[in-house]
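Just below is one structure, and these are the notes that go with it.
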């Protein structure tokens, strides 16, 4: 992402590191030590929850177990939230902390299957994320569940469009049935007159 008309380029995944850095600087300068502590505590606690404890359901397009605990993907490791020169020292520190947490049985170690499933989910998210958000289409593999869902969605939209055009082009006499017996109002509108209500 480019900021200030191209003067500053920053990757979106580095936003947490930039936020923590600015909060750490503002602590001694502006006297906002409490917000610095809360920023670091919030980052570590939310990352720990998402990494190890959050239960999520597998995508329909993947052959994974119905529920997964945590995110074992390599791209969600602690070091990847920081700039590239800091990856190695942060990876060493986080590996030591992880070993301690596993030793105290606070965290369950990831199996090779968990890491593989996490990496495939991260890859699927990467294929569909930014292009879909900006109005583009993610690259759905032909024959996959996602491609089949998109095909069915397109057929349903086409059928709905045809029905709406057919209902809009009906003569006013037959449109009264669609309108719930009203006097030629808006398509789909229901009206209840005193005469129609009856005894």
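The residues of the stretch 17-51 that are at pLDDT below 85 and either surrounded by 13 or more Cβ atoms within 10 Å (Cβ to Cβ) or not assigned by TED's automatic domain parsing to the domain that holds residue 111 (or both), listed by number, are 27, 32.
Looking at the stretch 52-63, is at least one residue at pLDDT below 90, in the same structural domain as residue 108 (by TED's automatic domain parsing), closer than 19 Å to residue 106 by Cβ and surrounded by 16 or more Cβ atoms within 10 Å (Cβ to Cβ)?
Yes; the residues of the stretch 52-63 include at least one that is at pLDDT below 90, in the same structural domain as residue 108 (by TED's automatic domain parsing), closer than 19 Å to residue 106 by Cβ and surrounded by 16 or more Cβ atoms within 10 Å (Cβ to Cβ).
The values are calculated or read from the model by the stated rules, or taken from the named source; none is laboratory data. Keep in mind the model is a prediction, meaning the values are calculated, not measured. Glycine also receives a Cβ, built like all others from the backbone with ideal geometry; neighbour counts cover every protein chain displayed.
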